[in-house]
Structure formats: structure tokens, C-alpha cells
Amino acid sequence: MNRQLASRILLQSSWQGALRRSFALSSSCRRFCTNVENHQRHSSTHHPNNKSHPISSSSPITSAATRYRPVSFYRLTPLSKERVEQLRKQIFDQLTTWGVVGRIYLAPEQGISGINCQIAAPIHMLPMVRQFFDGLDMGQIEYTEGLEDLDTPCFRKLRVMIKKNLVAIKDVLPANEIEIQKEQHLDPEEWHRQLSEKGSDAILVDMRNHYEYDIGRFDHAIKMDVDTFREGLDELERMMLARPDKEVYMYCTGGIRCTATSSYFANKGIGKNLKMLKGGITAYGQYIRQNPKEQSLFRGKNFTFDDRRGERVTHDVLARCFQCGAPCDVLHNCANTQCHLLFVQCDVCRTRMNKTCSDLCRQVLEGKRTWNMEYDYHRQIRPSLLCNE
């Protein structure tokens with residue numbers, strides 16, 4: 001009798017456990033389907049036939065445990081208009097299925113043609129992402145990974161855009177001829193060796209924007225205090241013509257601006273002594289991480305064109321808050337969207353100024369004043385022209 005009772009209790013317990021597991025599985029399936037439906041409902045995708053807009057999508061649904069790795073690369077290669085349109089859709093469709101977000105530029109062969117890519121990919125998807133791009137028949141691609149993996153992606157969505165030119169300059173060599181300038185490209189190890197030997201005697205030029213220079217730079221680098229890339233080229237040309245026999249070293253974030261610069265001067269028959277950092281600051285940061293015994297010649301942050309606004313290479317803080325002067329290297333956009341100035345602002349001033357760059361913008365944000373200023377590109381990138389108005 002006791003054995004029969006025990007058997008019935010055991011059978012009942014097993015049946016209840018199976019029922020609970022079945023209910024949990026059913027609930028999990030319902031939650032998954034609901035999440036997929038919500039994602040599909042809220043995703044925004046521009047049709048590729050509408051050439052005036054990029055193809056874009058909102059952030060994908062991913063597991064809470066998913067970690068992302070920033071990856072960047074560029075490749076200068078001739079691409080027809082038809083091939084660019086094809087790549088635009090092919091890249092967008094494939095990366096979307098893998099939960100990749102970022103910003104990708106494509107340009108046809110009438111200008112500096114090719115691809116410039118900055119993405120954040122789920123780490124477990126990286127081998128497939130690399131294999132996909134390697135299979136697009138654009139030549140050998142050299143990838144540069146970010147210094148830190150991320151819990152959340154540094155881009156909010158995936159955008160694939162077509163531009164007339166990957167870099168905003170004219171009169172350059174065709175894309176299929178640019179790669180012949182290989183001897184001018186120094187890998188991070190050789191760059192570090194040569195600059196360490198030359199020290200302050202090296203003519204070292206930062207080809208980035210002034211706000212990028214302010215938060216991080218190589219020791220002894222010359223600041224190109226200009227407002228456009230073309231103005232920087234003119235300044236560099238004057239510098240080289242004044243010292244034609246001197247070697248000039250230049251660097252940028254990931255290398256594409258320097259590659260275009262090298263092509264521009266090669267097309268003019270000058271710049272034979274111009275050298276550049278292959279892979280830019282991003283690649284140099286990786287070199288320093290992999291060789292901790294080496295003293296970094298770059299200090300501070302490497303500015304990034306994503307939600308991070310910078311990737312720290314060393315702990316040095318080189319910039320100061322534009323409003324109070326406290327040491328700070330955190331860049332923000334002004335909360336007044338009609339201004340949207342990018343500037344350095346400390347936490348204290350960010351609270352005091354309600355996340356704005358000036359009293360004018362704070363009062364506009366609070367509805368106390370009206371924004372009557374016409375757009376001025378130079379003012380929008382020069383905090384000193386706005387922060388005290």
C-alpha cells in the first residue's frame with residue numbers, strides 16, 4: 001500500500017514538473033515572438049531605390065549578454081555607380097541580419113572611390129562579418145579593432161550611404177593608382193621607432209579637426225588650426241614647400257584622410273618625403289596595448305565619430321572645459337538642437353548650463369529667447385565664438 005501511494009505521488013510530481021516546464025517554454029516563445037514583432041514594427045528602413053536617403057535601420061534586438069566590438073576599415077578602389085548601388089543594398093541586408101550597427105560610406109569612381117566603414121558588431125559575429133567584406137571583391141582589407149569591447153553598441157543604427165567622394169577634396173589620383181604609394185605608409189611599430197629617434201626634431205602634423213587634436217595628440221604634433229580639410233591641405237603644402245628636403249610625418253584617426261592627402265600631393269608632383277601612420281591612431285593604440293613596455297607617444301583620447309566621442313589611449317587629460325577651464329576631455333553636443341555645437345564640457349557646467357554651450361542656448365532651450373542666428377559653419381565648430389555669447 002505504501003509503495004502504491006509513493007508511486008502515485010512520484011507520478012503526480014513528475015507530471016506537474018513537466019507541465020511547469022511546458023508552460024515556461026510556451027511563455028518564452030510568446031515573449032520572443034512579441035519582441036520580434038515589436039522590432040519589425042519599430043525598425044525604420046529606407047528603400048534602396050530612393051537614392052536621396054541612406055539605407056538605415058534601428059538598433060537590433062540582441063541578447064542582454066551580447067558584447068560589441070568597434071571595427072573600422074577603408075578601401076580605396078574603383079567602383080562603378082551600378083556596383084555602388086548593388087553594394088549598398090547587399091551590405092545593408094547582410095549586416096542587418098547579424099545585428100551590426102554603424103556608419104558605412106560608399107563612393108563611385110568619379111572621385112575618391114571605395115568604402116569607408118565604422119561599425120560595432122556582436123563579437124561572436126566578427127568572423128562572419130570579416131568573411132563577408134573579404135568576399136566583396138574590393139581587394140585586401142585591413143581591419144582595425146577598437147581598444148575596448150562594449151556592453152552597448154556605440155552606434156544607434158546601421159546606415160549605408162553613398163557619397164560623391166570619400167574625402168572632400170578634388171584633383172587626386174584615380175583610386176586604382178593610390179596604392180602605389182606604399183613606401184610612405186609606416187606601420188605603428190615603424191612609426192613609433194622613427195618618431196622615438198627623432199623626438200622634437202620631427203615635423204609631425206595632425207591632419208584632423210582642431211577639436212580632435214584638443215583631446216588627444218602625439219607629442220610635438222603641429223595643430224592644423226583650420227576649419228576645413230582643404231584648408232589643412234593648403235597649410236601642409238606651404239609647410240612642405242618651405243622645407244622641401246625635410247621628412248614630414250602626418251597622422252589621422254584611421255588613415256583615410258592621410259591616404260587621400262598623399263594621393264593629392266603625389267598628383268601635384270610633391271610630397272615625396274611625406275610619411276603617414278598606417279591605420280591611424282586607432283592602429284597605434286592597438287600597438288601600444290599589445291606592447292605595454294613601450295611608452296606611448298600619443299597622449300589622451302582618440303576622437304571617434306560615434307556615441308563614444310573618443311577612445312582613451314592614455315590617462316592624460318589634455319583639454320579643458322570651455323566654460324570654467326577645469327581639466328576635462330569629454331565632448332558633448334549643445335542641447336539646443338538649433339546650435340548643436342560640439343564642445344568640451346565638465347559635469348559641473350553641464351548641470352549649471354542645462355547641457356548647453358552658452359547663456360543664449362540655455363535661454364532658448366528654456367523658452368526665454370528665440371534663436372535668430374543664421375547657420376555659420378565656422379561658428380558651429382568654434383566653441384570660443386559661441387560659448388561666451
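Just so it is clear, none of the values below were taken in a lab; they were calculated from the coordinates. In this text, all values refer to a predicted model and were calculated from it rather than measured experimentally. Virtual Cβ from ideal backbone geometry, glycine too; neighbours counted across all protein chains shown.
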Just the number, please: Stokes-Einstein D of the range 304-366 in µm²/s, Kirkwood Rh from C-alpha pairs, 37 °C, 0.692 mPa s.
270 µm²/s
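Working out 0.36 nm times the residue gap between Arg230 and Lys81, then minus their Cα-Cα distance, what length gain in nm do you get to one decimal?
Numbers: separation 149, 0.36 × 149 = 53.64 nm, distance 2.53 nm.
Once the chain is fully extended between Arg230 and Lys81, it gains 51.1 nm.
Taking the Cα centre of the range 218-334 as the origin, how large is its charge dipole in debye, to the nearest 20, when only Lys and Arg (+1) and Asp and Glu (-1) carry charge on their Cβ atoms? Show your work: numbers first, answer last.
Values: 18 positive and 15 negative charges, 60 e Å.
That gives the range 218-334 a dipole magnitude of about 280 debye.
What full-extension length gain, to one decimal in nm, is calculated for Ala168 and Thr370 as 0.36 nm per residue of separation minus the Cα-Cα distance?
Values: separation 202, 0.36 × 202 = 72.72 nm, distance 3.40 nm.
So the extension gain works out to 69.3 nm.
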Under the Kirkwood approximation applied to all pairs of distinct alpha-carbon atoms, what is the hydrodynamic radius of the range 265-389 in Å?
17.1 Å
Find how many whole Å separate the alpha carbon centroid of the range 83-154 from the alpha carbon centroid of the range 304-359.
29 Å
Rank these for me by crowding, Arg83, Arg217, Arg243, going from fewest to most other beta carbons within 10 Å.
Arg243, Arg83, Arg217
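Using unit Cβ charges (K, R positive; D, E negative) and no other charged atoms, how large, in debye to the nearest 20, is the dipole of the range 81-163 about its Cα centre? If you can, show how the numbers build up before the last one.
On the way: 10 positive and 11 negative charges, 93 e Å.
Dipole about the Cα centre, nearest 20: 440 debye.
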Taking neighbour counts of Cβ atoms within 10 Å as a proxy for exposure, in what order, fewest first, do Trp371, Trp191 appear?
Trp371, Trp191
Please say if the range 246-308 is rounded, prolate or oblate, where rounded means a/c under 1.5 for a ≥ b ≥ c the square roots of the C-alpha gyration tensor eigenvalues, and otherwise the choice is prolate for a/b larger than b/c and oblate otherwise?
oblate
Can you check what the net charge comes to around Tyr211, using other residues whose Cβ is under 13 Å from the Cβ of Tyr211 (Lys, Arg +1; Asp, Glu -1)?
+1
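Can you give the translational diffusion coefficient of the range 205-333 in µm²/s, computed by Stokes-Einstein from the Kirkwood radius over Cα pairs at 25 °C and 0.890 mPa s? Intermediate results must be reported in sequence, preceding the final value.
Values: Rh = 15.5 Å.
In µm²/s, the coefficient is 158.
Please give the length that would be gained between Asp201 and Arg156 if that part of the chain were fully extended, namely 0.36 nm times their separation in residues minus their C-alpha to C-alpha distance (nm, one decimal). Intermediate values should be presented prior to the final figure.
On the way: separation 45, 0.36 × 45 = 16.20 nm, distance 4.31 nm.
Gain on stretching Asp201 to Arg156: 11.9 nm.
List, in the order given, every pair from Lys198/Lys246; Lys223/Lys355; Lys198/Lys278 whose Cα-Cα distance in the structure shown is over 21 Å.
Numbers: Lys198/Lys246 12 Å; Lys223/Lys355 28 Å; Lys198/Lys278 19 Å.
Over 21 Å apart, Cα to Cα: Lys223/Lys355.
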Tell me the trypsin sites (Lys or Arg not before Pro) within the range 278-325 that lie in a loop according to DSSP and have at most 13 other beta-carbon atoms within 10 Å.
Lys293
What is the spin-label model distance, in nm, from Met239 to Glu190 if the labels are put 7 Å beyond Cα along the C-beta direction?
2.1 nm
